[in-house]
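**Student:** Sending over a structure as structure tokens; questions will come in a sec.
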Amino acid sequence: MSGSHTPGSFKSFGQMLPTTLLAASTRQRGTNESLNELAYRQIRHQILHLELPPASLLDETDLATALGIGLTPVRHALRRLAWEKLVVIMPRRGTMVADVNLSDLRKLFEMQLELFSLAASLAAQRATPTEIQRMVQICQAMQEKTDQIADWLWHQQQLHELLTAASHNEFLAETLSWQFGHTIRLSNLAADTLQASLDARTAELARLLQAVQERMPQEAAALARTYLAHLHQDLVSYF
């Protein structure tokens, strides 16, 4: 009979359906995660680079429209940014970009100093030749950009990320990533103040990378601490 089904055909259909649903579910989850990550990265970038200034109120609908996505990824991103203390979610009042608080920054700097020193020590032990070469190239680019603060800060951000990644400890790198977000934002606020010290900070980074290249973990840790302590002093002087 043309409309009949054999037992085998039902078995085949039954085997395919869960697989198809699983594939569709996986694709949907991947799409949602991609949109969540897109919203997070875009909003975070705008906060760090002062396109969304400190203490400014955020409208979820406006953010979603500007990014061309729905409200759910935006809300997911804002919760993540609240955990990083870059935004403040106020129940029944809305969401605000976190203001710059010197007391909180000092506490953050205390932790950042220890963790960045550890990352430098580990990088001196674990960084690959390719990673070292890339870091040296970026530092050389920084030496050529000491009269262009925006470009210098961009390279500095890249170098911080590469050095922490070269520790080959993803937990450490992730923690330092959100901590350095606050440093990036304050650096953009204090750009005029930082300008005078770019040559000195670049020289300190060059010495740090030399210690990493020569596989001297204790020296790298000490130089990382010196560099970051001076950078913190520069940033605090903005206030």
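The values are calculated or read from the model by the stated rules, or taken from the named source; none is laboratory data. Just so you know, these numbers come straight off a predicted model, no measurement behind them. Every residue, glycine among them, receives a Cβ derived from its backbone with ideal geometry; neighbour counts consider all protein chains shown.
**Student:** Could you figure out which of (1) within 24 Å of Leu50 (Cα to Cα); (2) in contact with a Leu (Cβ under 6 Å, 6 or more places away or on another chain); (3) of a type in the set (Lys, Arg) isn't true of Lys145?
**Tutor:** Going through the list (1) within 24 Å of Leu50 (Cα to Cα); (2) in contact with a Leu (Cβ under 6 Å, 6 or more places away or on another chain); (3) of a type in the set (Lys, Arg), Lys145 breaks only (2).
Conditions tested, residue by residue: (1) among the charged types (D, E, K, R); (2) more than 23 Å from Met216 (Cα to Cα).
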| residue | (1), (2) |
| --- | --- |
| Pro91 | no, yes |
| Ala98 | no, yes |
| Ser103 | no, yes |
| Lys107 | yes, yes |
| Leu113 | no, no |
| Leu122 | no, no |
| Arg126 | yes, no |
| Glu131 | yes, no |
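**Student:** Further question on the same structure: Restricting to segment 158-209, count the residues that are under 12 Å from the mean Cα position of the chain (by Cα) and of a type in the set (Val, Ile, Thr).
**Tutor:** Residues in segment 158-209 being under 12 Å from the mean Cα position of the chain (by Cα) and of a type in the set (Val, Ile, Thr): 4 in total.
**Student:** Of the conditions (1) out of contact with any Ser or Thr (no Cβ under 6 Å at 6 or more places or on another chain); (2) more than 22 Å from Thr175 (Cα to Cα), His49 satisfies every one except a single condition; which number is it?
**Tutor:** (2)
**Student:** Sticking with this one: Residues to consider are Arg126, Arg92, Arg79; find the one that is out of contact with any Pro (no Cβ under 9 Å at 6 or more places or on another chain) and not assigned by TED's automatic domain parsing to the domain that holds Ser34.
**Tutor:** So the residue among Arg126, Arg92, Arg79 that is out of contact with any Pro (no Cβ under 9 Å at 6 or more places or on another chain) and not assigned by TED's automatic domain parsing to the domain that holds Ser34 is Arg126.
**Student:** Another question, if that's okay. Of all residues in segment 149-178 being loosely packed, with under 14 Cβ neighbours inside 10 Å and free of Cβ contacts under 8 Å to residues at least 40 places away in the same chain, which is farthest from Trp83 (Cα to Cα)?
**Tutor:** Glu170
**Student:** Kindly establish whether Leu186 is in the same structural domain as His155 (by TED's automatic domain parsing) and closer than 19 Å to Met111 by Cβ.
**Tutor:** yes
**Student:** Any idea which residue in segment 39-55 is nearest to Leu78 (Cα to Cα), counting only those that are in contact (Cβ under 8 Å) with a residue 60 or more places away in the chain and buried (at least 19 other Cβ atoms within 10 Å of the Cβ)?
**Tutor:** Per the criteria, the residue is Arg44.
**Student:** Is there a residue being farther than 18 Å from Trp154 by Cβ, in contact with a helix residue (DSSP H, G or I) (Cβ under 7 Å, 6 or more places away or on another chain) and crowded, with 17+ Cβ neighbours inside 10 Å anywhere in segment 194-202?
**Tutor:** no
**Student:** For segment 118-170, give me each residue that is in contact with a helix residue (DSSP H, G or I) (Cβ under 6 Å, 6 or more places away or on another chain) and among the aromatic types (Phe, Trp, Tyr).
**Tutor:** Of everything in segment 118-170, just one residue is in contact with a helix residue (DSSP H, G or I) (Cβ under 6 Å, 6 or more places away or on another chain) and among the aromatic types (Phe, Trp, Tyr), namely Trp152.
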